[in-house]
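For reference, the structure discussed in these notes is given below.
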Amino acid sequence: MVDLTREMADVMSALGRPQSARGRALMFVSAYGGEGVSTVAREYARCEAAFTKKPVWLVDADLAAQGQMQALTEDPERFGQPGPLSQASPDGSAFFALSPPGRDDRGAPIHDSQYLVARAFLGKRLWVTRFRQNNMAPGQRVKLFEQTTYWKALRQHAQTIVVDAPALDRSTAALQLAPQMDGVILVVSEGEGDVQARVTLKADIEQAGGTLLGMVYNRARRVTGGTRRPLGRFAAL
C-alpha cells in the first residue's frame with residue numbers, strides 16, 4: 001500500500017479549488033508505463049474526495065488495461081465498502097465508441113455508454129469507473145472520441161474528474177483527451193525512462209491543445225519490511 005496523503009495535499013494546494021460551480025477535469029499521464037500514474041491519480045482522487053461537497057470521479061481511461069475499480073475494492077480500509085454497479089454516464093454519452101457497434105443476443109443495439117459502469121466509495125464521495133472490456137465481442141475495437149458531451153455532462157455532477165490515462169509509450173489516448181481536459185499533470189518516476197521522452201510528452205500535449213498544470217515527481221524507495229515510502233513533490237510548469 002502506498003500512502004501519498006501528504007504529497008497529494010501539496011498537489012491539491014498547488015492546483016487550488018475549481019473556480020466555478022461547474023466541475024473540472026484533470027488528467028494524469030506519464031511518458032512511460034510503471035511511473036506510478038494510477039497510484040498518483042487514485043491517491044489524488046481519494047484526498048480531494050475528503051474535502052469536496054460534490055463527488056469526485058476517478059475515470060479509468062486505460063480501456064485496454066482496467067485496474068482502478070479493482071484496486072479500490074481490494075482496499076476497504078482506505079476507500080470503504082464499494083457500492084453497487086451503476087451507470088457512469090449522466091446523459092447516455094460516452095468518451096469512446098465501439099466498432100462495430102455492440103448488439104445483444106436479440107440483435108438490438110447496445111449503446112456505447114452501457115459498456116461503462118461505476119461504483120461509489122467513501123460514502124458516495126468518490127466514484128470510480130470501469131470499462132466492460134470483457135463484454136466486447138470478438139473483432140470489436142474501441143476508440144476515443146475527440147469531441148464528446150460526456151465530460152461536460154459529468155462536470156455537472158462532480159467537483160473534480162480525475163482521469164487516469166495510459167502512458168504515451170503504448171497509447172496516444174492522452175493526446176486525444178488532453179484538449180477536453182481543464183488541465184494535465186505529468187507523473188515522472190525517479191530512475192525511469194529518459195528526460196527527452198518527458199520533454200517530448202510535454203510538447204506533444206501542448207501541441208494537441210492540452211494545458212499543462214504541473215508535474216508530480218514520484219520518488220519512492222524500498223525500506224525495511226518492504227514498505228514503499230513515497231517522497232513525491234509537485235512542480236508547476
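Here are the numbers for this structure:
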quantity: Label point distance in nm, residue 87-residue 6, each placed 7 Å from Cα along Cα→Cβ; calculated: 4.5
quantity: Under 19 Å from residue 53, Cα to Cα: lysines that are on another chain or at least 8 residues apart; calculated: 124, 152
quantity: Of the trypsin sites (Lys or Arg not before Pro) in region 32-114, those whose Cβ has at most 14 other Cβ within 10 Å and which sit in DSSP loop; calculated: 53, 106
quantity: Most fluctuating residue given options 148, 39, 160, as computed from a GNM of the chain linking Cα atoms under 10 Å; calculated: 148
quantity: Residue 132 long-range amide H proximity, modeled H, under 5 Å; calculated: 116, 117
quantity: Region 60-166 - percent of accessible surface contributed by carbon and sulfur, probe 1.4 Å; calculated: 47
quantity: Trypsin sites (Lys or Arg not before Pro) within region 109-201: DSSP coil, no more than 15 neighbouring Cβ in 10 Å; calculated: 124, 132, 170
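The values are calculated or read from the model by the stated rules, or taken from the named source; none is laboratory data. Computed from a predicted structure; not experimentally measured. Using ideal geometry, Cβ is built from the backbone for each residue, glycine included, and neighbour counts are taken over all protein chains shown. Just the protein is used for accessible areas: all its heavy atoms, side chains included, with ligands, DNA and RNA removed. Shrake-Rupley method; radii C 1.70, N 1.55, O 1.52, S 1.80 Å.
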